[in-house]
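Note sheet for the following structure.
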Amino acid sequence: MIEFRLATKEDNAQLIELTAAVGMDGEISLRIDRNPDFFKLLELRGESMVAVAEDNGKIIGVACASLQNCYLDGKLCPVQYVGDFKVLKAYRKKGVGLSLLNLLVQKANQVGSDLVFLNISKGNEKPMFHFKNQSTYPDFVNIGLFSIYQFIGKKRKSQKEKYPITSETSSVELLNFLDENYQKYELGSQVTKEQLEKTSIYTIRDGGLILGAVCLVDTMKIKQNVVTKVSWRLNLLLKLLNLVSPITGLSKMPVLNEPVKMMYIKFLAIRDNDKHILKRLIDHSRSIAYNKSYSFVSIGCHERDPLQQQFSGMNKLTFESIGMMTSLKNNTEYIDKVKAGIPFEDFSLV
């Protein structure tokens, strides 16, 4: 008999095993391993709850919800981010996924939560039926497509620039600069001092005025993205890039079924959308990835984000996902505001 409950730290080994066994199908298929501590990434996401399905002591399904403070219409609003939605293949189409979501919704309602957000891989429509025509929560609404860009690491040639890139620590000025940027987004992250202290910060200034800032985070020690399948065209491209890597100064590309070495751009803000400043900070980030022998530095942005156009022409691979959202209290005006604006998602925590 399958039972449903909230997980404890004692479930860590089984949750890591389940995560490794269940990947995400799509145009690029992958799995996200969580060695050595399944719960560590959840701690970064926010106050979290983990629902598990158990069959005679064996965990066969999981779904998590993490409470995050995000901006909605310029004001802070709590949002439950649902992730790690996984069920072993042998137990699918038996209501396990629905029961896991129902348990999370029940717990979310008990603490007064309203907005719920999640991502599904583009090309993997199998989970969609969980989010429509259910009696326990309103339908999830498609809020648009996110592109997750994997900028290829590249050896950087030294050159003189009018304004140098400098390494910084957290400051009130920097915090305000970044936070003001993310207030423009729907579901934009609230940037805190604690978050900045866990990143590597690089800025470009003009006489003390911040022109641009990028904050990098390395999550390899708590999660590992493993590509399990790609198209033959992409597989050929990866092999060709590795062949010419010594000549081009590009990072080595990942190998199937091994962890992809990558960093994330957790925060990025550019004054007046200056493309030159943006490109310099991206190139600097790519250089750091190359020097660490990492393949990529990654960032995600919504299809309506102005960064989409700014990123055109830069060397990158692209993975796409679909944002889904609902209001447990059926506040449709909240959903409408998100759909009308530019949604944000922090893919370093996915």
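The values are calculated or read from the model by the stated rules, or taken from the named source; none is laboratory data. Note that the coordinates shown come from a computational prediction; the quantities given were computed from them, not determined experimentally. Cβ coordinates were reconstructed from backbone atoms using ideal geometry, including for glycine residues, and neighbour counts include every protein chain displayed.
Miscellaneous remarks
- Cross-chain or 6+ apart pairs with Cβ under 8 Å, the range 315-327 first and more than 14 Å from V82 (Cβ to Cβ), then among the basic types (K, R) and surrounded by fewer than 22 Cβ atoms within 10 Å (Cβ to Cβ): N315/K154; E320/K122
- Tally of residues being farther than 14 Å from L118 by Cβ and surrounded by 14 or more Cβ atoms within 10 Å (Cβ to Cβ) across the range 68-94: 9
- Here the condition is being surrounded by fewer than 17 Cβ atoms within 10 Å (Cβ to Cβ) and of a type in the set (A, V, I, L, M); of A53, A21, it holds for A21 alone.
- A residue that is touching a Pro at 6+ places or on another chain (Cβ under 7 Å) and surrounded by 13 or more Cβ atoms within 10 Å (Cβ to Cβ) occurs nowhere in the range 146-166.
- Residues that are closer than 19 Å to Y202 by Cβ, over 18 Å from the mean Cα position of the chain (by Cα) and modelled with pLDDT under 95 do occur in the range 313-324.
- Residue match in the range 243-259 (condition: in contact (Cβ under 8 Å) with a residue 40 or more places away in the chain and within 21 Å of L41 (Cβ to Cβ)): yes
- Test: I120 is part of a strand (DSSP E or B), within 24 Å of P259 (Cβ to Cβ), more than 20 Å from the chain's Cα centre (by Cα) and hydrophobic (A, V, I, L, M, F, W, C): no
- For the range 106-115, the condition of being under 24 Å from the mean Cα position of the chain (by Cα), in a strand (DSSP E or B) and either surrounded by 21 or more Cβ atoms within 10 Å (Cβ to Cβ) or not polar (S, T, N, Q) (or both) holds for at least one residue.
- Residues that are out of contact with any Gly (no Cβ under 9 Å at 6 or more places or on another chain) and basic (K, R), drawn from the range 1-44: R5, K9, R34, K40
- Conditions (1) surrounded by 14 or more Cβ atoms within 10 Å (Cβ to Cβ); (2) over 17 Å from D179 (Cα atoms); (3) of a type outside the set (D, E); number of the one not met by S200: (2)
- Scanning the range 150-165 for residues that are within 17 Å of S251 (Cα to Cα), part of a loop (DSSP other than H, G, I, E, B) and in contact (Cβ under 8 Å) with a residue 24 or more places away in the chain gives G153, K155, R156.
- Considering the range 1-94, the qualifying strands (runs of 3 or more DSSP E), each wholly inside and each with 1 or more residues that are within 22 Å of L349 (Cβ to Cβ) and under 23 Å from the mean Cα position of the chain (by Cα), run over 29-33, 47-55, 58-72, 75-87.
Table: residues versus (1) more than 22 Å from K292 (Cβ to Cβ); (2) in the same structural domain as S298 (by TED's automatic domain parsing).
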residue	(1), (2)
R233	yes, no
L237	yes, no
L240	yes, no
K252	no, yes
N257	no, yes
Y264	no, yes
A269	yes, yes
D274	yes, yes
